[in-house]
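Taking it in order: structure first as structure tokens, then the write-up.
Just so it is clear, none of the values below were taken in a lab; they were calculated from the coordinates. Bear in mind that the values here come from a model prediction, so they are computed numbers and not experimental data. Reconstructed Cβ throughout: ideal geometry from the backbone, glycine too, with neighbour counts over all protein chains shown.
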Amino acid sequence: MNQQIEQYAKKILDGQLLERDQIDELSRLSTDHIDDMLYWANEIRKAGFGNKVKMCSIIPGRMGGCSEDCAFCAQSLHYDTAVDKTPQVLSDGQIMDAAAEAKSKGVPNFGIVYSGKKVTQAELDRLIALTKRIKTELGMGVCMSLGIVSEENMKRLADAGVVRFNHNLETSKRHFAEVVTTHKYEDRVKTIEAGHKAGMGVCAGGIFGIGETEADRIDMAFELRRLGVDMVPMNFLHPIKGTPLANAETMPPREILRIVALYRFILPKTHLKVAGGRVLNLRDMQSWIFQAGCTAILSGNYLTTAGRAVEDDLQMLKDLGLETV
């Protein structure tokens, strides 16, 4: 076993955080010593989270017609993809039915995701009313992903019972302009900070396999640590025909596991949620994500791509001796 990786892991287990130069060294070591990284990432996971795994499902409350130009996204108006460019908005009944179905399958947390840069005040009022219904009638935790939201409206969402707000950085500040040009990286940071000020948990992460460097990946992790988010979704590119990244290569499974393990070393007390691209990229190695330090999963279908059946994920967790929360 590599002694340097072991030494860094034991520092974390003793309650210390690693600095950038130490993580850079770990990054270099991880390529040739991935099994050691996975071993210690799993030890760090168990020390911080035991056998508990958070599980959530999402539904696109509004699909398509997005004004933004994120280079990986099928919903953008800027690209010729299979997604209808006229925004499709689900009714209250459809959202409630989806939440009830998720609960019936054993999923404790339900997220509502809206395409677009932001929502109108009328849409926010409707989502607040739906949050109260889901909490009262189904007893589920409700999360939201609504684009850029002001501090005032974040407070309204928190008061209604939204437990966590999702707003991803997507990548590093340096690489962001290569992926998105219709809004600024700082807009995303401000939205994350607004969620914190409102007292909600904040789910913020990014997507890998979009032309970023290893330094970009580490930069994003340190920015997420600085922002104090409590959940980091880790998405892995599922190339979509018609987008600028349509011809990008998917990531090898062991490279994905290495990245998850590296993030566990950087963010030892933060939930790491393996989300979009899990099925396509990891294939038969999906259960290895927990060995790499993952503590949360997005189950069921995603926004524009198929995911994995909730029943299959629950069986996987049971077989691994893990408990959903």
- Query: Sequence-distant or interchain residues sharing an amide H contact under 5 Å with Thr181, placed H: which?
  - Reply: Asp69
- Query: What residues qualify as long-range amide H neighbours of Phe208, i.e. H under 5 Å apart, gap of 5 or more or another chain, H built at 1.01 Å from N?
  - Reply: Asn235, Phe236, Leu237
- Message: Can you list residues from other chains, or at least 5 along the same chain, whose modelled amide H is less than 5 Å from the amide H of Leu272?
- Response: Val232, Thr295, Ala296
- Task: Divide by every residue of the chain the summed helix terms, -39500 (n - 2.57) for each DSSP H run of at least 4, and state the resulting mean residue ellipticity at 222 nm, rounded to the nearest 500 deg cm²/dmol.
- Result: -13000 deg cm²/dmol
- Item | Under the Karplus curve 6.51 cos²θ - 1.76 cosθ + 1.60, θ = phi - 60°, whole-Hz ³J(HN,Hα) for segment 198-208, x wherever Gly or Pro sits | 7, x, 8, x, 10, 9, 9, x, x, 10, 10
- Task: Per residue of segment 36-48, in order, report the coupling 6.51 cos²θ - 1.76 cosθ + 1.60 (Karplus, θ = phi - 60°) as ³J(HN,Hα) in whole Hz, putting x for Gly and Pro.
- Result: 5, 4, 5, 4, 6, 4, 5, 5, 5, 4, 4, 5, x
- Item | Rel. contact order, % - alpha carbon contacts under 8 angstrom, at least six apart, the chain | 22 percent
- Task: Along each of the three principal axes of the Cα atoms of segment 3-324, give the extent in whole Å, ordering the values from largest to smallest.
- Result: 57, 39, 37
- Item | Peptide ranges 206-217, 237-248 listed from the most packed, as the mean C-beta count within 10 angstrom indicates | 206-217, 237-248
- Note on the structure: For the pair Ser67 and Asp80, the simple spin-label estimate (label points 7 Å beyond Cα toward Cβ) gives in nm 2.5 nm
- Message: Roughly how far apart, in whole Å, are the Cα centres of segment 100-122 and segment 190-246?
- Response: 19 Å
- Message: From the convex hull of the Cα coordinates of segment 185-229, what is the mean projected area in square nanometres?
- Response: 3.2 nm²
- Note on the structure: Between Ala129 and Lys11, Cβ-based FRET efficiency (R0 45 Å, step 0.05) works out to 0.40
- Item | Relative packing of 256-266, 283-293, which averages over residues the other C-beta atoms within 10 Å, highest first | 256-266, 283-293
- What ranking, highest mean first, results for peptides 157-165, 102-110 when packing means the other Cβ atoms within 10 Å averaged over each residue? 157-165, 102-110
- How big is the antiparallel share of DSSP beta bridges in segment 3-324, given as a percent to the nearest 5? 10 percent
